[in-house]
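Just below is one structure, and these are the notes that go with it.
The values are calculated or read from the model by the stated rules, or taken from the named source; none is laboratory data. Being a predicted model, the structure only gives us computed values, none of them experimental. Counting neighbours? That spans all protein chains shown, and the Cβs are built from the backbone with ideal geometry, glycine included. Heads up: the accessible areas ignore ligands, DNA and RNA and are worked out on the full protein's heavy atoms, side chains in. Shrake-Rupley method; radii C 1.70, N 1.55, O 1.52, S 1.80 Å.
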Amino acid sequence: MIMEPKPIKRSESIMKLSREHHFSLLFCWKIREGIKKKTAPWRMVRYVRYFWNAHLQPHFKEEEAILFAPLSRDEMVRKAIGEHEALRQNVRALDTLQEENTADALAGFADRLDRHVRYEERELFPYLERTLTEPQLETIGRQLNALPADPLKDDYEDEFWRERSASL
């Protein structure tokens, strides 16, 4: 019998960030679906830029300025910040790619983001929940909840991931 992994119990203080992580994994799935369906790369690049500006970039800033700040010199936190920077570089590099390399770059970006989210959820967040004091977590929760609410909706008009595959 295969055991389903138990859902991760997350501190209410950082639940907002975990919900955003789920949204980011859905974004990765959409990019992968677009690649499978042989969507024109420029369409997916436009979506990546939209999602980056509307969701990922603000999320990274929240993590770095609020959640990571108390332990900014910690090795595990530094790893996450380094991954944020690598993802920023991936997004910037999309502007300079030749069309024939774009699908591979998008797949690499989706894979890197997926690994990053899973690192934060499975390793870093549990570590931070054990390491930060309850008053620190409460302060972080208040700061995160004071930010404008992110409705976690993707209202991007070009839903290329829903299209039937060209090979069907």
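Output ³J(HN,Hα) for region 62-77: one whole-Hz value per residue in order, computed from phi by the Karplus curve 6.51 cos²θ - 1.76 cosθ + 1.60 with θ = phi - 60°, and x for Gly and Pro.
Those phi angles translate into 4, 4, 5, 7, 10, 6, 7, 3, x, 10, 4, 9, 5, 4, 5, 5 Hz.
Give the accessible surface of the chain per residue, rounded to a whole number of Å², with probe radius 1.4 Å and ligands, DNA and RNA excluded.
Computed with neighbouring chains in place, this is 59 Å² per residue.
Given R₀ = 22 Å, what would the calculated FRET efficiency be for Q98 paired with Y156, taking r from the Cβ atoms and rounding to 0.05?
About 0.35, to the nearest 0.05.
Measure nothing fancy, just the Cα-based angle from helix 15-36's long axis to the longest principal axis of the chain, in degrees from 0 to 90, nearest 10.
That works out to roughly 20 degrees.
Heavy atoms only, probe 1.4 Å: what % of the accessible area of the chain goes to carbon and sulfur, would you let me know?
52
With a cut-off of 13 Å, note down the residues of region 64-88 whose backbone N falls inside the zone around a label point 7 Å from the Cα of Q57 toward its beta carbon.
The answer is 88, whose backbone nitrogens lie closer than 13 Å to the label point.
Can you give me the angle between helix 134-146 and the longest principal axis of the chain, using Cα atoms only, in degrees from 0 to 90, rounded to the nearest 10?
Around 40 degrees separate the two axes.
Any lysines with Cα under 25 Å of the K38 Cα? List them, leaving off those in the same chain fewer than 8 positions away.
K30, K153
Would you calculate the separation in nanometres between label points at Y50 and T131, each defined as 7 Å from the Cα along the Cα-to-beta-carbon direction?
Simple spin-label model gives 3.7 nm for this pair.
Counting only helical runs of four or more DSSP H residues, what would the 222 nm mean residue ellipticity of the chain come to if each run contributes -39,500 (n - 2.57) and the total is spread over all its residues?
That comes out to -19000 deg cm²/dmol.
Please identify the trypsin sites (Lys or Arg not before Pro) of region 110-166 that satisfy two criteria: DSSP loop assignment and at most 15 other Cβ atoms within 10 Å. Which are they?
K153, R164
So for region 113-168, taking the charge dipole from beta-carbon charges (+1 Lys/Arg, -1 Asp/Glu), which of P148, P126, F160 sits furthest toward the positive end?
Farthest along the dipole direction, towards plus: P126.
Got a number for the accessible area of L137? Probe 1.4 Å, square angstrom, nearest 10.
10
Nearest 10 degrees, 0 to 90: what angle lies between the long axis of helix 99-119 and the longest principal axis of the chain (Cα atoms)?
It is inclined by approximately 20 degrees.
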